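Below: the structure, in structure tokens.
The values are calculated or read from the model by the stated rules, or taken from the named source; none is laboratory data. Keep in mind it's a predicted model, so treat the numbers as computed, not measured. Ideal geometry is used to build each Cβ from the backbone, glycine not excepted, and the neighbour counts take in all protein chains shown. Ligands, DNA and RNA are excluded from the accessible area calculation, which covers all protein heavy atoms including side chains. Shrake-Rupley method; radii C 1.70, N 1.55, O 1.52, S 1.80 Å.
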Amino acid sequence: DNYVYSVDDSKKIEKEMSALQKIGYNARLCEKTTLPFDIAGAVCFPKQAQFHPLKFLSHIASGLNIYENTFVRELKDNTATTDFGKIKAEKIIVATHFPFINKHGSYYLKLYQHRSYVVALENAQNVNGMYVDENKKGFSFRNYKNLLILGGGAHRTGHKGGNWNELCEFAKEKYPLSSVKYRWAAQDCMSLDNMPYIGRYSSRTEDLYTASGFNKWGMTGSMLSAMLLSDIVTGKKNKYEELFSPSRSIMKPQLLVNGFEATKNLLTPFGRRCPHLGCALKWNSTEHSWDCACHGSRFSADGKVIENPANGDLTK
């Protein structure tokens, strides 16, 4: 079973239940869970699947021709230009996490990036399910074999946040006999309205498409994108095309936040600059990287690009 819970807002859970009932989904309302703290309420989705992402990827990629280490320098007129030659295609899908072409689509306004942290704990609880907090800064829980996978510590890229320290403090308090076996981090593109951008890259790009802004639901969002884009590029009508269109309205409160971050960091007079659009970079002392709060590009300590939309290393 999968649970979406709230620590302090039962009304959010009630609204979610109401929406699910309207579409005829078989979910149930819970007031208690196996989690080591009290909740205001939770929605339980029974009989869900828990995927091993690498095994899943290996299976769906079977039989495909995949070419790596072929950096695309430019996309123009149905042609991808690389260091080794040009690749022509009738249709091109930009599935690069953060869409990197700035002259179309205004994704530098429509997207920002969020970092999340995970620890795998030994000698911790079997929670008998999968749990995710409705709050972006909450915790997630699930088990894999003898490990409890605890996620959280999230923050906007380029800002300070709880990171692994928050997770370790929580584990120390709630699971005092546990120890951290592994730890890692992830980065996700967040849209203005919590809906992915799937479809034509912009209203002016006829044969160029994208999929991004999965808001931490990457495996779900990628499968949705595969179904929707395969219809669009083959000329089939899909009733969800307009709903997920990247050209939908951007008049959302998050747009003001993104604009403020960009303005603040563009006007910062000192420090290293991101080659994407020139924002000031912040040193991430937890992960030893240079991070951009505007659009989420990240660079190693010696300036090598490790997260896009920047498509090159730091020059100084």
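The phi torsions of segment 122-131, fed into the Karplus equation with coefficients 6.51, -1.76 and 1.60 and a -60° offset, translate into couplings of 8, 6, 10, 7, 8, 7, 6, x, 10, 10 Hz, rounded to whole numbers, with Gly and Pro shown as x.
Segment 227-260 and segment 65-96 have Cα centres spaced 23 Å apart.
Once you have a ≥ b ≥ c as the square roots of the Cα gyration tensor eigenvalues for segment 148-240, tell me rounded if a/c is under 1.5, and otherwise prolate or oblate according to whether a/b is larger than b/c.
Numbers: a/c = 4.17, a/b = 2.64, b/c = 1.58.
Prolate.
Sequence-ordered 3J(HN,Hα) estimates for segment 218-225 from the Karplus curve with 6.51, -1.76 and 1.60 and θ = phi - 60° stand at x, 5, 5, x, 5, 5, 4, 4 Hz, glycine and proline given as x.
Give the whole-number value, in cubic angstrom per residue, of the convex hull volume spanned by the C-alpha atoms of the chain.
So the per-residue Cα hull volume is 165 Å³.
Each part gets one Cα centre, and for segment 142-188 versus segment 279-316 those centres are 23 Å apart. Measure off 7 Å from each Cα along the Cα-to-Cβ vector at Asp38 and Leu57, then give the distance between these two points in nanometres to one decimal. Here the answer is 4.2 nm between the modelled labels.
Residues whose amide H falls under 5 Å from that of Thr268, counting only those 5 or more places apart or on a different chain, are Ala280, with hydrogens built in the peptide plane.
Taking 26 Å as the limit for the C-alpha separation, the pairs Lys11/Lys137; Lys47/Lys110; Lys137/Lys237; Lys22/Lys47; Lys12/Lys172 exceed it in the case of Lys47/Lys110; Lys137/Lys237; Lys12/Lys172.
Taking the mean number of other Cβ atoms within 10 Å as a proxy for protection, how do you rank 32-39, 104-111, 290-297 from highest to lowest? Walk me through the numbers on the way to the answer.
Working: 32-39: 14.1, 104-111: 20.0, 290-297: 26.2.
Put in order of decreasing packing, that is 290-297, 104-111, 32-39.
In terms of overall dimensions, segment 37-175 has a Cα radius of gyration and Dmax of 20.5, 59 angstrom.
Selection among Phe84, Ala186, Asn65 by position relative to the dipole of the chain gives Phe84 as farthest towards the positive end (Cβ unit charges, Cα centre).
Loop only by DSSP, 10 or fewer other Cβ within 10 Å of the Cβ. Give me the GluC sites (Glu not before Pro) in segment 211-316 that pass, ordered by residue number.
Working: sites: Glu241, Glu242, Glu261, Glu287, Glu307; in loops: Glu241, Glu242, Glu287.
When the GluC sites (Glu not before Pro) of segment 211-316 are filtered for loop state and at most 10 Cβ neighbours within 10 Å, Glu242 remain.
Among the cysteines of the chain, those with no neighbouring cysteine Cβ under 4.7 Å are Cys30, Cys44, Cys168, Cys189. Within segment 1-103, the GluC sites (Glu not before Pro) that combine a DSSP coil assignment with at most 15 other C-beta atoms in a 10 angstrom radius are Glu31, Glu68, Glu90.
With a simple spin-label model that places each label point 7 Å from the Cα along the Cα-to-Cβ direction, the separation between Lys252 and Glu31 comes to 3.5 nm.
Largest accessible area first, the listed residues Met251, Met219 line up as Met251, Met219 when surface is computed with a 1.4 Å probe on the assembled protein chains.
For segment 191-278, applying the loop criterion from DSSP together with a ceiling of 15 other beta carbons within 10 Å to the chymotrypsin sites (Phe, Trp or Tyr not before Pro) yields Trp217, Tyr240, Phe270.
Surface calculation, 1.4 Å probe, protein heavy atoms: Thr205 sits at approximately 10 Å² accessible.
Quantify how much of the Cα-Cα distance distribution of segment 244-316 extends past 14 Å, in percent.
That fraction is 60 percent.
Each DSSP beta bridge with both residues in the chain is either parallel or antiparallel, and the antiparallel ones are about 90%.
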